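To keep things clear, I will list the structure first and then write my remarks on it.
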Amino acid sequence: MRILIVEDEHRIAESIKKGLEQESYAVDVCFDGESGYDLASTEDYDLIILDRLLPKMDGLAMCRQLRKDNIHTFILMLTAKGQTEDRVEGLDAGADDYLVKPFAFEELLARIRALNRRPKTQLSNILTMNDLTLNTLSFEVKRGATVIKLSQKEFALLEFLMRHPNQIVNKDQIIQHVWDYDSDILPNTVEVFIRYLRNKVDRPFKNKPALIQTIRGFGYKIGK
Ligand code: CA
């Protein structure tokens, strides 16, 4: 899952980024509304954490503009104000949820998980492909009854593939969703991580069909 944080208080932005990265999210940060809007409208995010009071373009205006542009990325708005009318204003501008500062990081995580559970592609926290299951909450991956241990990036890559079952995804899409904006990722790195995943998800299960497939010249897919 790839998240954009738009927050002008650098200290808060950096601490949210750090915490989210520990939870295996790919995170980009920017510090004003205009650059936030540029990133949100050109890059493909799963969630935007948006401060309400921002220089150049405030959070409400940015939110309204994105919705007007038909961009429906989940938006979680942050604000120091907790009054009812402020929350209503944020939600009416198109935000999906609202969190009042200061907040406990645990609550932010819970809200991200809740947004992630909303129907978009899959209803459940458990993604499945044949006998392979991935639990997006407990981070558990299993093939049949066998638990498979994955690194954070391997998990993120497998989750991305499993959110697009039987669809071909190319290396650029994978890089966008699994690595953050600042990472120096070469297409070659994707191949390396696909190989790591195969070695854990397919190769040990010789009697079962291989699930991760290379579609030469196009990309990869997970499926039959
Ligand atoms: Ca602010």
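Quick notes
- Projecting the Cα atoms of Ile49, Val169, Ile5 onto the charge dipole of the chain (Cβ charges, centred on the Cα centre) puts Val169 farthest toward the positive pole.
- Accessible-area composition of the chain, carbon plus sulfur, in percent [1.4 Å probe]: 49
- Extent along the principal axes, Cα only, for segment 133-176: 31, 21, 15 Å, with the longest axis given first.
- For segment 1-47, a crude dipole built from +1 on the beta carbon of Lys and Arg and -1 on the beta carbon of Asp and Glu, taken about the Cα centre, is about 220 debye to the nearest 20.
- Cβ-defined net charge surrounding Thr214, 12 Å radius [Lys, Arg +1; Asp, Glu -1]: +3
- Most mobile listed residue (Ile194, Ile148, Ile75) in the chain, GNM with C-alpha springs under 10 Å: Ile148
- In this simple spin-label approximation, Ser151 and Ser138 carry label points 7 Å from Cα along the Cα→Cβ vector, and these lie 2.5 nm apart.
- Rounded to the nearest 5, the antiparallel percentage of DSSP beta bridges internal to segment 4-148 is 40%.
- Within the shell of other residues whose beta carbon sits under 10 angstrom from the beta carbon of Arg143, the net charge comes to +1, with Lys and Arg scored +1 and Asp and Glu -1.
- Only Lys, Arg, Asp and Glu carry charge here, each on its Cβ (+1 for the first two, -1 for the last two); on that basis segment 2-116 has a dipole of about 180 debye about its Cα centre.
- Extended-chain gain in nm, criterion 0.36 nm per residue less alpha-carbon gap, Leu91 and Ile12: 26.2 nm
- Only the Cβ atoms of Lys and Arg (+1) and of Asp and Glu (-1) were treated as charged; on that basis the dipole of segment 42-182 about its Cα centre amounts to roughly 280 debye.
- Accessible surface computed residue by residue for the chain, with neighbouring protein chains in place and a 1.4 Å probe, gives 51 Å² per residue.
- Using the rule -39500 (n - 2.57) for each DSSP H run of four or more residues, divided by the residues of the chain, the 222 nm mean residue ellipticity is -12000 deg cm²/dmol.
- Contour excess over end-to-end distance, with Cα ends at Asp131 and Asp44 and 0.36 nm allotted per residue: 28.4 nm
- Virtual spin-label span in nm between Glu21 and Phe105, 7 Å along Cα→Cβ: 1.3
- Contour minus Cα-Cα distance for Asp184 and Tyr196 (0.36 nm per residue): 2.4 nm
- Bins of 5 Å from zero: percent of alpha-carbon pairs in the chain: 1, 6, 14, 18, 18, 15, 11, 8, 5, 3, 1, 0
- Label sites at Ala114 and Lys68, each approximated as a point 7 angstrom past Cα along Cα to Cβ, lie 2.9 nm apart.
- The share of Cα pairs per 5 Å bin across segment 2-116, counted from zero up to the longest distance, runs 2, 13, 26, 28, 21, 9, 1 percent.
- Distance violations [Cα-Cα > 26 Å] among Lys17/Lys221; Lys149/Lys221; Lys18/Lys224; Lys18/Lys142; Lys17/Lys171; Lys17/Lys224: Lys17/Lys221; Lys18/Lys224; Lys18/Lys142; Lys17/Lys224
The values are calculated or read from the model by the stated rules, or taken from the named source; none is laboratory data. Keep in mind that what you see is a predicted model, and the values were worked out from it rather than measured. Counting neighbours? That spans all protein chains shown, and the Cβs are built from the backbone with ideal geometry, glycine included. The accessibility values were calculated without ligands, DNA or RNA, using every heavy atom of the protein model including side chains. Shrake-Rupley method; radii C 1.70, N 1.55, O 1.52, S 1.80 Å.
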